[in-house]
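The values are calculated or read from the model by the stated rules, or taken from the named source; none is laboratory data. Predicted model, so just to flag it, every value in this text is computed and none were measured. Reconstructed Cβ throughout: ideal geometry from the backbone, glycine too, with neighbour counts over all protein chains shown.
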Amino acid sequence: MANPWAGEVEIVLDGTPRVARLTLGALAEMETALATGGLIDLAERFETGRFSARDVVAVLVAGLRGGGWQGTAAELMRAEVAGGPAGAARAAAELLALAFAPPGAG
């Protein structure tokens, strides 16, 4: 079970609940994968609803890896994410919000 106070979000892939969280290493990996702008730019895209499917995949892969998942972006794109594309986007937005929340605001 995910602990939002620890920055964790539950993501269900192919019927299996997984914990995702954006660790510093996961954030660095995500920034490299996107190769455009920085993390603040990414957070702003989510806040304004201007994010892309590529943004969602990058955030989810980084968060899942931060939670211990060993999969790839290609595997995530083939997986069934609970809630479909909207559920995936919500989970990505929640991960970003928790990663940039002040301590104790989770």
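Details
- Enumerated helices (runs of 4 or more DSSP H) restricted to region 1-81, each holding at least 3 residues that are aliphatic (A, V, I, L, M) and surrounded by 19 or more Cβ atoms within 10 Å (Cβ to Cβ): 24-34, 53-66
- Pair list, Cβ < 7 Å and 6+ apart or interchain, from region 84-106 residues that are within 19 Å of E31 (Cα to Cα) to residues that are at pLDDT below 85 and of a type in the set (S, T, Y): none
- You will find that of E44, E31, the residue that is touching a Leu at 6+ places or on another chain (Cβ under 7 Å), at pLDDT below 85 and among the acidic types (D, E) is E31 and no other.
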